[in-house]
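Some notes on the structure that comes next.
Every number in this text was worked out from the coordinates using simple rules, so none of it is lab data. Since the structure is predicted, the reported quantities are computational estimates derived from the model, not experimental observations. In this analysis, Cβ positions are derived from the backbone assuming ideal geometry, glycine residues included, and neighbour counts consider all displayed protein chains.
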Amino acid sequence: MTYHLPAGKAAAGPYAVDVTPERAGWAHSALRVLDLPPGGAHTLDSGDSEWIVLPLAGGCAVDVADGSGRETFELTGRPDVFSGVSDFAYVPRDARTTVTSPGGGRFALTGARCERRLPARYGPASSVPVELRGTGSCSRQVNNFGAADVFDCDRLIAVEVITPGGNWSSFPPHKHDEHRPGEESVLEEIYYFEFAGHEGTPGLGYQRVSPSGRGRGTDVLAEVRDGDVVLIPDGWHGPSMAVPGHHMYYLNVMAGPGAERAWLICDHPDHAWIRDTWPGQPVDPRLPLYTAPGRSPR
């Protein structure tokens, strides 16, 4: 199994990225990235999965139809992931959805197989909590648009992380591959990367996943660039390292079999102590890159 999928390797049909549970070899988490030209449209059936349509660049209309009716959500979007928080739309299972973009753009569809059918909904950018996590060189920004305690889904958990150039995120390394009530939950995870360029030079970073002694023994040390994907079925993941001069963005998509939809993690015992140093250091002054309209970072 290949856990690092460079840009283009996960493409299929209309999608620049198409990671299905079958392709990943697991049961729940999915990610699609859709590029649309100006005036472009794409229709999909949600099937047995719930989805969040999240603009990465550009805006779109999301039309959701099922047996009980039809709703259309207008997403303002954003110029790119380093410019601001985006609004989004939740699409339930067993629905037909059309994404239309008058100006064109790039749109993430974060998905998870689920049992409950929840209502289609609009998520305004102003509702997204922006969290500053860590301090010093471990400082990063987390846009919690689809976090378990923020937006109601059946199984899907999704957040965005922005790491300033030169910083380490997903650190200390942590895992969520074991069911321990109240301490750790089992979650399959997808990382999708984008980078800020500098004067025409593309950015890059590095991603580490090391075996935890459970599951598949996932082991990855990858140079990651725009459009790359890393699959994490198990194992300690982190650090995610942004090279100096280039901010790093990644979209995390998670889902698992547990009855409780919760992000519960266990830090690597060799590095857990690093959290104790954070109170004594300031947050990187470059953060937040931005906040949600009308909100302050927490």
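Label point of residue 178 set 7 angstrom out along Cα-Cβ; within the stretch 266-280, amide nitrogens under 11 Å from it belong to 266-269.
Dipole size of the chain about its Cα centre, with +1 on Lys/Arg Cβ and -1 on Asp/Glu Cβ: approximately 220 debye, rounded to the nearest 20.
Give the residues of the stretch 35-53 whose amide nitrogen is closer than 19 Å to a point set 7 Å from the Cα of residue 20 in the direction of its Cβ. Zone members listed by number: 35, 42-52. Largest first, the extents of the alpha carbon coordinates of the stretch 16-166 on the three principal axes equal 51, 35, 29 Å. Between residue 27 and residue 80, the modelled labels are 4.0 nm apart [label points 7 Å from Cα along Cα→Cβ]. Length, then width, then depth: along the principal axes, the Cα atoms of the stretch 4-278 run 53, 48, 34 Å. Over the chain, DSSP H runs of length four or greater, each weighted -39,500 (n - 2.57), average out per residue to a 222 nm ellipticity of 0 deg cm²/dmol. A full extension of the chain between residue 260 and residue 61 corresponds to an added length of 68.5 nm, given 0.36 nm per residue minus the alpha carbon distance. Summing charges over all other residues whose Cβ lies under 10 Å from the Cβ of residue 166, with Lys and Arg as +1 and Asp and Glu as -1, gives 0. Between residue 116 and residue 1, the modelled labels are 2.8 nm apart [label points 7 Å from Cα along Cα→Cβ]. Kindly list the residues of the stretch 86-108 that lie in the label zone of residue 70, defined by a backbone N under 15 Å from the point 7 Å along the Cα-to-C-beta vector. Only 95-100 fall inside the zone, counting backbone N under 15 Å.
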